[in-house]
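Step one of this worksheet: look at the structure below.
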Amino acid sequence: MKFPRLFRDPAAKDAAHRIYSRIVEQSRLPAFYVDCGVEDTPDGRFDMIALHASLILRRLKRDGEASAELAQEVFDLMFADMDQNLREMGVGDIGVGKRVKGMAQSFYGRLAAYDAGLAAPSDEDLMAALKRNLFRKSSPADAQVAAVAAYVRRESASMDAQATEAFVIGTVNFGPPPSCALEQNNER
C-alpha cells in the first residue's frame, strides 16, 4: 500500500518554494501591468501567476515521473498561497474553499488553453487564449497581446532549454518582460 502524500520529499518542497517565489516575482513585474495592459487587480495578478505557473508545469510535465512530485508541490503551494491571500482580503472560511476550487478549475482551463496555443504553429490560438484569460477584464491593443504571446513563446522555449536538474533544486530563470510600451503608444 502506498501513501505518497504522507512521505513528501523535503527537497522537492524546498525546490517548489524557490520556484513559486520566482513565479510570483516574475508575475509582479510592473511592465506587465503598466505597459502590457494586464489589469493590476487580484484577478489580473492571479492570471499572471497562472500564466507563469503554466509555463513551469508544462515544462515539468515533459519530464514525467522525474519531476511529478515537484510539479505537484508547486501546484499545492500556489493554491495554498491563493487560499491565504483570499483570507487576507477578508473572504470568510466558507467562501475561501469555494473560491479556491473555482480558481483551480480556472487554472486547469488556462493550462490547457496555453498548452494548445503553444502547440499551434501560429500565434492566433495563443493570442485568443490570452485575450480570454489574461486580458479577460481589459481591452489591450492587439500589439500588446501579440507582444505577450511572443513573450510566452520565448519563455516556453527557455523553460524547455533549462535542465531538469536545475528545476529539481529550485532554479528557474525567466527572461525580461515583453516590451509593450512602444507598441501601445504607436497603436493608440
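Remarks
- Checklist (1) surrounded by 12 or more Cβ atoms within 10 Å (Cβ to Cβ); (2) part of a helix (DSSP H, G or I) applied to residue 134, failing item: (2)
- Test for residue 100: is it farther than 14 Å from residue 23 by Cα and modelled with pLDDT under 90: yes
- Among the residues of segment 167-188, those that are at pLDDT 85 or above and either under 17 Å from residue 68 (Cβ atoms) or surrounded by 14 or more Cβ atoms within 10 Å (Cβ to Cβ) (or both) comprise 167, 168, 169, 170, 171, 172, 174, 177, 178, 179, 180.
- Candidate set from segment 92-113 (those that are in a helix (DSSP H, G or I) and of a type in the set (Gly, Ala, Ser)); member that is surrounded by the fewest Cβ atoms within 10 Å (Cβ to Cβ): 102
- Scanning segment 58-70 for residues that are surrounded by fewer than 21 Cβ atoms within 10 Å (Cβ to Cβ) and in a helix (DSSP H, G or I) yields 58, 61, 62, 64, 65, 66, 68, 69.
- Of residues in segment 150-164 being part of a helix (DSSP H, G or I) and of a type in the set (A, V, I, L, M, F, W, C), the one nearest to the chain's Cα centre (by Cα): 152
- Residue count for segment 32-57, restricted to those that are surrounded by fewer than 17 Cβ atoms within 10 Å (Cβ to Cβ) and either within 11 Å of the chain's Cα centre (by Cα) or assigned to a loop (DSSP other than H, G, I, E, B) (or both): 2
- Qualifying residue in segment 62-80 (condition: in contact (Cβ under 8 Å) with a residue 24 or more places away in the chain and touching a His at 6+ places or on another chain (Cβ under 7 Å)): yes
The values are calculated or read from the model by the stated rules, or taken from the named source; none is laboratory data. No experiment lies behind these values; they were computed from the predicted model shown. We place every Cβ from the backbone using ideal geometry, glycine too, and count neighbours over all the protein chains shown.
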